[in-house]
Amino acid sequence: MGRSQGLETVVRAAAVLAREGVSLRVRLVGHGVAAPALAALARELEAPVEVSPRTPHREVGAQYAWADSVVVSLRSWAPFAWTVPSKLYEILATGRHVTALLEGEAADIVRDSGAGDVLPPEDVAALVELWRGLAADRSRTAVRASGRDWVSEHADGDELARTYLEILREVVAG
């Protein structure tokens, strides 16, 4: 929960929806410099947002299983158009719906995989609209294989290592 993620957008959207009477709960799990400010903002806005410390690795799967949708967010900043959050691959592999507040390459990955919905970073209104729609039609968050399939095809560690090794052999050969 650093400054790069822009998670204030998530807290603000949850607060708007709660005021509308939409039933939702948000968990922000992890650590980072922004965690205390996010917890304070959630309290101030009376948002249904729980800010929790880092979860032991063996318990991460339970957090994903709890979620109907998993948020991946980066602020709107030009260098982030070339940034793919490392957690994105893990999240895609879970099969959970992805709420992606992303631009550039990471947004393209979510679109190409069919694993969720892509919104402009830091756009509270767009997130409110998306989550309102997901709450009204929960089938849109059904676990799907498309994210897993994308990871298997494009981000398999063994395959990436083989490809990288082949590139290195070509460079050395000449």
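The values are calculated or read from the model by the stated rules, or taken from the named source; none is laboratory data. Just so we're clear, the structure is a prediction, and the values are computed from it rather than from any experiment. With ideal geometry, Cβ positions are generated from the backbone for all residues, glycine too; neighbour counts draw on all protein chains shown. Protein only, heavy atoms only, side chains kept; ligands, DNA and RNA dropped before computing areas. Shrake-Rupley method; radii C 1.70, N 1.55, O 1.52, S 1.80 Å.
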Tell me yes or no: at least one residue of the range 152-173 is closer than 30 Å to Val11 by Cβ, surrounded by 10 or more Cβ atoms within 10 Å (Cβ to Cβ) and among the β-branched types (Val, Ile, Thr).
no
Just to be sure I understand, how many residues within the range 43-56 are surrounded by fewer than 17 Cβ atoms within 10 Å (Cβ to Cβ) and either of a type in the set (Lys, Arg) or within 15 Å of Gly2 (Cα to Cα) (or both)?
4
In the set Ala40, Ala78, which member is under 17 Å from Leu7 (Cα atoms), open to solvent by less than 70 Å² (accessible area, probe 1.4 Å) and without any contact (Cβ under 8 Å) to a residue 24 or more places away in the chain?
Ala40
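Here is a check on your reading of the model: is Glu90 within 27 Å of Val16 (Cβ to Cβ) and among the acidic types (Asp, Glu)? Break it down into steps so the answer makes sense when it comes.
Values: within 27 Å of Val16 (Cβ to Cβ): no; among the acidic types (Asp, Glu): yes.
No, not satisfied.
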Which condition does Ala15 not pass, out of (1) open to solvent by 70 Å² or more (accessible area, probe 1.4 Å); (2) more than 16 Å from the chain's Cα centre (by Cα); (3) without any contact (Cβ under 8 Å) to a residue 40 or more places away in the chain, if it passes all the others?
(1)
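Could you please let me know if Trp131 is crowded, with 19+ Cβ neighbours inside 10 Å and at pLDDT below 90? Working first, answer last.
On the way: crowded, with 19+ Cβ neighbours inside 10 Å: yes; at pLDDT below 90: no.
The answer is no for Trp131.
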Before we move on, is Val124 over 12 Å from the mean Cα position of the chain (by Cα) and β-branched (Val, Ile, Thr)?
yes
Return yes when Pro85 is free of Cβ contacts under 8 Å to residues at least 60 places away in the same chain, under 22 Å from Arg12 (Cβ atoms) and open to solvent by 20 Å² or more (accessible area, probe 1.4 Å) and no when it is not.
yes
Name every residue in the range 98-127 that is part of a helix (DSSP H, G or I), crowded, with 20+ Cβ neighbours inside 10 Å and of a type in the set (Val, Ile, Thr), in order of residue number.
Ile109, Val110
With the condition kept exactly as written, say whether any residue in the range 57-67 is open to solvent by 70 Å² or more (accessible area, probe 1.4 Å) and of a type in the set (Phe, Trp, Tyr).
yes
